[in-house]
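The values are calculated or read from the model by the stated rules, or taken from the named source; none is laboratory data. Keep in mind it's a predicted model, so treat the numbers as computed, not measured. We place every Cβ from the backbone using ideal geometry, glycine too, and count neighbours over all the protein chains shown. Side chains are part of the model used for accessible areas, which takes the heavy atoms of the whole protein and leaves out ligands, DNA and RNA. Shrake-Rupley method; radii C 1.70, N 1.55, O 1.52, S 1.80 Å.
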Amino acid sequence: MPDRQAAFSGVRAVPEHLALDADRLDAWMAAHVEGYRGPAELAQFRGGQSNPTYLVTARSGRYVLRRKPPGPLLPSAHAIEREYRVQRALAGAGFPVARVHALEEDPTILGTAFYVMDHVAGRVFWEPWMPGSDPGERGAVYDAMNAALARLHSLDPAAIGLSDFGRPAGYVARQVRRWSEQYSASAAEPVDAMDRLMDWLPAHLPPEAPARVVHGDFRLDNLVVAPAAPQIAAVLDWELATLGDPIADFTYHLMQWHMPAELRGAGTASLAGRDLAALGIPALADYVARYEARTGLAVRAHLGTYLAYNFFRMAAILAGVAARGRAGNAASAQAALSAGEVRPLAEIAWQFARGANSVTGS
């Protein structure tokens, strides 16, 4: 397996097709970022963001610039405006996010819309077993991660100015319908488990949870851990944030306990096959219980259904990636990898559907 920590850590030179006009950026920063003193030096973060992300180093400090990628985009994709808005609202509530400075929607400045936020010093662990750490630190980081997501899901969207940030009613039903349609339009071959899930999920939807801000991709490698303490300094990558079902968001986060280590098309890492007790990482049942205690939400009653939904959703997403590859619109290596992982992910989802009311795994 590739070393994700080595592959995704740090920065690299900005490739030519993503280059920015440094003089234009300097002028914009001077006008919009309080205390800014240039000139700016630019590098690109290696991590796999769909929105190009740059480290801006200047005499006044370090900043991060997130922008939409160049070229034609789907209407609702790469919504950096929403990223900016949700982080600004959460910062006002004291939630750990980077401080945002300004949003620029005029594409004539740097080619696409962008925003700038502070750079948060700390560590990013690209593997969920946190190589190089000790059991005590791993356990503390996992508890802090659990607490951060529980806190997000305990915030009242209206109280922080996000009551109109999405359509929360019928969230899971709408997601099941959307990904069933997407899968049906992109499937290259019949997958029995997907067909069964498209029948089963609409008839076994869990009760609606209270609407909350959901991150959409909450996992360890989207967090900055403080440099010398097991604390969450910032939660990153809010591209998929909306209002929705907090339990669906939490159970997406739980997929790493069950994701087969050999499956890499989803871009996620895995705890499968690891000695969690020796590592200091909590067993799944204990981790779920902590979240329930912090939020008052009942996860275990419908955990199997939520995991079936999340693995089904991931399988449908990868079927779409594979379809774009066949059409020549995705990298061939990624498309080929995704195509081979639709069936195993669907079969995992169906296994959860068949035993839908139990907490499994360790």
inquiry  = Name the single residue that is nearest to Val172 (Cα to Cα) among those in the range 289-308 being touching a helix residue (DSSP H, G or I) at 6+ places or on another chain (Cβ under 6 Å) and open to solvent by less than 10 Å² (accessible area, probe 1.4 Å).
reply    = Tyr306
query = Could we say that Gly136 is closer than 24 Å to Gly94 by Cα and open to solvent by 20 Å² or more (accessible area, probe 1.4 Å) here?
reply = no
query = Among the numbered criteria (1) open to solvent by 40 Å² or more (accessible area, probe 1.4 Å); (2) in a loop (DSSP other than H, G, I, E, B), which single criterion is violated by Phe125?
reply = (1)
Test set (1) modelled with pLDDT of 95 or more; (2) touching a His at 6+ places or on another chain (Cβ under 9 Å) - Asp26 fails condition number = (2)
task = Find all pairs meeting these conditions: Cβ atoms under 9 angstrom apart; at least six residues apart or on different chains; first residue within the range 147-160 and of a type in the set (Ser, Thr, Tyr); second residue surrounded by fewer than 19 Cβ atoms within 10 Å (Cβ to Cβ).
result = Ser154/Arg294; Ser154/Gly296
message = For the range 80-111, which positions are open to solvent by 30 Å² or more (accessible area, probe 1.4 Å) and among the polar types (S, T, N, Q)?
response = Thr108
Members of the range 28-47 found to be of a type outside the set (A, V, I, L, M) and either open to solvent by less than 20 Å² (accessible area, probe 1.4 Å) or more than 13 Å from Ala13 (Cα to Cα) (or both), listed by number = Trp28, His32, Glu34, Gly35, Tyr36, Arg37, Gly38, Pro39, Gln44, Gly47
ask   = In this structure, is Ala261 surrounded by fewer than 19 Cβ atoms within 10 Å (Cβ to Cβ), farther than 27 Å from Ala209 by Cβ and modelled with pLDDT of 95 or more?
value = no
note = Log entry, pairs with first residue in the range 185-209 being aromatic (Phe, Trp, Tyr), second being in a helix (DSSP H, G or I), beta carbons closer than 6 Å, six or more apart or on different chains, reads Trp200/Ala353
request  = With respect to Asp217, determine if the residue is open to solvent by less than 40 Å² (accessible area, probe 1.4 Å), among the charged types (D, E, K, R) and either part of a loop (DSSP other than H, G, I, E, B) or farther than 16 Å from Leu345 by Cα (or both).
outcome  = yes
key: Residue check, Leu279 in contact (Cβ under 8 Å) with a residue 40 or more places away in the chain, more than 24 Å from Leu155 (Cβ to Cβ) and open to solvent by less than 20 Å² (accessible area, probe 1.4 Å)   = no
inquiry  = Of everything in the range 235-248, what is closer than 24 Å to Val100 by Cα, in contact with a strand residue (DSSP E or B) (Cβ under 7 Å, 6 or more places away or on another chain) and either open to solvent by less than 10 Å² (accessible area, probe 1.4 Å) or part of a helix (DSSP H, G or I) (or both)? Give them in sequence order.
reply    = Val235, Ala241, Leu243, Gly244
query = If the Cβ limit is 7 Å and pairs must be 6+ apart or interchain, which residue in the range 98-114 that is touching a residue at least 24 places away in the same chain (Cβ under 8 Å) pairs with which residue that is among the charged types (D, E, K, R) and open to solvent by less than 20 Å² (accessible area, probe 1.4 Å)?
reply = Leu110/Arg67; Thr112/Arg67; Ala113/Arg67; Phe114/Arg66; Phe114/Arg67
query = Among the residues of the range 168-184 satisfying the criterion of being free of Cβ contacts under 8 Å to residues at least 24 places away in the same chain and under 19 Å from Leu307 (Cβ atoms), which is most open to solvent (accessible area, probe 1.4 Å)?
reply = Arg178
query = Can you tell which of Ala148, Ala144 is among the small types (Gly, Ala, Ser) and either over 22 Å from Tyr287 (Cβ atoms) or open to solvent by less than 20 Å² (accessible area, probe 1.4 Å) (or both)?
reply = Ala148
